[in-house]
Amino acid sequence: MGEPVVKDDRIYRYQDYKGWPDEERWELIDGVAYNMSPAPSTGHQTIVTQLVSAIHTFQGKGGCRVFTAPFDVLLPESPDQPDDEVSNVVQPDLAIICDPSKLKPFGCVGAPDWLIDPGNRFVHVYVLGSDGRYPKPALHVGAATVKSTVCPGFELRLEELFAAIPG
């Protein structure tokens with residue numbers, strides 16, 4: 001797979017991003033635009049499908065909502081930063097939103113809570129601290145059971161999640 005196309009000639013913001021063609025998928029990281037890669041691997045898609053299924057089954061119990069890509073997630077530098085000025089916009093494969101105030105007509109404003117790496121078979125869980133920052137994430141590997149802090153009662157057994165991926 002080749003290197004992604006990058007637009008780094010200036011700092012791009014959500015206002016720029018909104019004007020790009022719908023058939024193109026971009027992410028902004030610190031104002032640099034990255035053209036998203038082609039379709040992910042079968043293993044990657046298996047993980048996403050299993051997560052959507054597990055969360056959908058649980059969803060009625062916890063009040064959280066699940067969204068799949070493409071779905072814009074804006075990551076502002078401060079809570080009062082105007083949406084159009086945000087220079088970090090990502091499209092995660094899966095977003096779980098439990099705080100309805102984060103939802104906007106275009107997607108969501110706020111940081112993700114989980115990062116799942118199917119290739120290395122681990123999960124990082126990010127929990128927002130009382131100071132409004134994210135400390136070092138908790139790392140879960142092997143036979144761990146990950147318990148969600150944003151969807152009370154939702155648990156994920158990593159052995160089951162990663163079982164469908166060869167190797």
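What follows draws every value from the coordinates through simple rules; no lab data is involved. Only a predicted model underlies this, so the values are computations on that prediction, with no experimental measurement involved. Glycine also receives a Cβ, built like all others from the backbone with ideal geometry; neighbour counts cover every protein chain displayed.
The table that follows gives values for the structure above.
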quantity	calculated
Neighbour-count order for Tyr12, Tyr134, fewest beta carbons within 10 angstrom listed first	Tyr134, Tyr12
Taking the chain and dividing mean pair separation by its residue count, relative contact order in percent (alpha carbons under 8 Å, at least six apart)	19 percent
Part-to-part distance (alpha-carbon centres) for segment 39-110 and segment 115-167, which is given in Å	15 Å
Count, lysine Cα pairs under 26 Å in the chain, 8 or more residues apart or across chains	9
Trypsin sites (Lys or Arg not before Pro) within segment 62-166: DSSP coil, no more than 13 neighbouring Cβ in 10 Å	Arg133
Potential extension, Trp20-Thr145 segment - 0.36 nm per residue separation minus Cα distance	40.9 nm
Cα-based Rg / Dmax (Å) for the chain	16.6, 47
Nonlocal amide H pairs with Tyr134, under 5 Å, H built at 1.01 Å	Gly129
Extension gain (nm, one decimal) between Thr68 and Ile29, 0.36 nm per residue minus Cα-Cα	12.1 nm
Selection from Gln91, Ala69, Leu128 lying farthest towards where the dipole of segment 66-162 points positive, charges on Cβ	Leu128
Computed label-point distance, nm, for sites Ser101 and Asp8 using a 7 Å Cα→Cβ extension	3.7 nm
By average C-beta atoms within 10 angstrom, highest first, the peptides 86-96, 37-47	86-96, 37-47
